[in-house]
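For reference, the structure discussed in these notes is given below.
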C-alpha cells in the first residue's frame, strides 16, 4: 500500500485529506475513560496538519440505533472526542452536526491549512453499514466534501483506523476507491506487527487468550494452535475448557455446546494448551460478593468463577519468562471490578517483565494495561483493534487493508468508478 510517507513526499500543503480514524473509545456517560485510541491517531494527524494539510476526520462511537439517525443520542456523539483531540493537538477541533449534510459541508469548506475538523459519528449515517450501493453513494458524498481544484494535487484519503479495517463499510472501503488512498502510520505499524506474528515469529511463541466465550475465539484458537508453542487460556472462556476436563464449574459462565469442541482441542493439543489451576470465585456477580480462591476442581455449587488465581498467574508467568514472542488478547477475569482484577494485572505484569516481543491485541487487554498503570513502553506493541487483530490472526483478509493494496496495484482512483463489493461480486 501507499503510506503516509508517500503522501507527504508528494506534498500536502493546502490539500484536503479525508482521514478515517478509530475513536470508538470507552465512555462513562459523557466522560472518556480511556483515550488510548485518540492518542494512537495523533502521529498521523500531527504529521498531516504540520505539513499544511486540511484534515477532515471520520470516526464512529458505539452502535447508534436507527432512532437517532443524526446522532442526537448524547452517548453516541463525538463531542467529548473532539474536545479531547483538541486538547492533545493543542488546537481547536470543530465538530460537524452531521456526516455529509450542510454542517459537514460548511466545516469542510472553512478548513484552513493545518486545521483539523471532525465529522459527526459516521455510524449515525445508515448507509455507512448499508448495501454495497448505499455505501458507494455515501462514499461519493464523503469525497465531495473535499473537492480539489487542481488535478495535479487531488484530495486524498488516509486510512488510519485499524480497529475498523475488518469492516466493509463506506468510510473504510468504498471511500478508498473514490480518492487516492494511503495507509496512515498506525495502520502501517499494526499491519507490520501482525505480519510479524503470522510470518516466522521468534520462538518460543506464547499466546494468551481470555474473554468470555470460546465461540468468540474458536477461529483464532484453531488457526493458532498448530503454529504456537504455548497457548494460555484464561477469562470466562476457561470454564468451558475446565468442564471439558470433567470439572464442575459451579455457576460460572459455560458454553455447553462448545464442550465437545474443547475436549477435542485438549486431546489434540495437550502439550500446547495450558489452563488455570486455581480461580477466584464469588457468591454472586457483585463487587461486594463473598470471594474465595479455590483449585479448579473445588468450585462451590452455584459460585461463579470471575478471575484466575495466584497459582495460575505464577504458572503463566513462568511460561512467559522464557518466551521470545507473546500475543495477548482478552482479560483473565472481570478486571473492571477490583476483587477480580488481580489475575489480569498479574499476567500483564508478567508480559511486561518478559524479554519477549509482546503484542497486546487491543480492546479490553489494552484498557486493562492502562487501568493497571503499567508503562506502555514495556510492551512491544499495543494494538488499537481487538477484532481486527483477531481476524488477521485467523487468516482472514481485512477489507480495509485489501482495498489499499488493490488501489496501489491498479492505480485506480475516483475516475475509474466503484467496483462491486465482495458480497455482490
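At a glance:
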item: Members of the stretch 198-232 that are closer than 18 Å to residue 262 by Cα and part of a strand (DSSP E or B); result: 207, 208, 209, 230, 231, 232
item: Subset of the stretch 314-337 [surrounded by fewer than 24 Cβ atoms within 10 Å (Cβ to Cβ) and either farther than 23 Å from residue 224 by Cα or touching a helix residue (DSSP H, G or I) at 6+ places or on another chain (Cβ under 6 Å) (or both)]; result: 314, 317, 334, 336, 337
item: Hits in the stretch 5-31 - residues which are assigned to a helix (DSSP H, G or I) and buried (at least 24 other Cβ atoms within 10 Å of the Cβ); result: 7
item: Residue match in the stretch 385-394 (condition: farther than 26 Å from residue 27 by Cβ and without any contact (Cβ under 8 Å) to a residue 40 or more places away in the chain); result: no
item: Residues of the stretch 249-267 satisfying the condition of being outside any helix (DSSP H, G or I) and on the phi < 0 side of the Ramachandran plot; result: 249, 251, 252, 253, 254, 255
item: Odd one out for residue 54 among (1) at pLDDT 95 or above; (2) surrounded by 17 or more Cβ atoms within 10 Å (Cβ to Cβ); (3) under 19 Å from the mean Cα position of the chain (by Cα); result: (3)
item: Residue under evaluation residue 232, criteria (1) under 20 Å from the mean Cα position of the chain (by Cα); (2) in contact (Cβ under 8 Å) with a residue 40 or more places away in the chain; (3) not assigned by TED's automatic domain parsing to the domain that holds residue 11, criterion not met; result: (1)
item: Condition met for residue 282 (over 15 Å from residue 233 (Cα atoms), assigned by TED's automatic domain parsing to the domain that holds residue 253, exposed (fewer than 14 other Cβ atoms within 10 Å of the Cβ) and modelled with pLDDT of 95 or more); result: no
item: Criterion (crowded, with 19+ Cβ neighbours inside 10 Å, more than 22 Å from the chain's Cα centre (by Cα) and farther than 30 Å from residue 360 by Cβ) met by exactly one of 102, 136; result: 136
item: Answer residue from the stretch 205-216, given it is more than 14 Å from residue 273 (Cα to Cα) and in contact (Cβ under 8 Å) with a residue 24 or more places away in the chain and is nearest to the chain's Cα centre (by Cα) among those; result: 211
item: Residue 235 being crowded, with 18+ Cβ neighbours inside 10 Å and within 23 Å of residue 325 (Cβ to Cβ); result: yes
item: Counted residues, the stretch 57-91 - those being at pLDDT 95 or above, in contact with a helix residue (DSSP H, G or I) (Cβ under 9 Å, 6 or more places away or on another chain) and in a helix (DSSP H, G or I); result: 5
item: Strands (runs of 3 or more DSSP E) contained in the stretch 269-337 and holding at least 3 residues within 28 Å of the chain's Cα centre (by Cα), in contact (Cβ under 8 Å) with a residue 60 or more places away in the chain and closer than 27 Å to residue 392 by Cβ; result: 325-329
item: Helices (runs of 4 or more DSSP H) (entirely within the stretch 356-425) containing at least 3 residues that are on the phi < 0 side of the Ramachandran plot, assigned by TED's automatic domain parsing to the domain that holds residue 154 and modelled with pLDDT under 80; result: 399-410
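The values are calculated or read from the model by the stated rules, or taken from the named source; none is laboratory data. Fair warning: this is a prediction, and the values are worked out from it, not measured in the lab. So basically every Cβ, Gly included, is an ideal-geometry build from the backbone, and we count neighbours across all protein chains shown.
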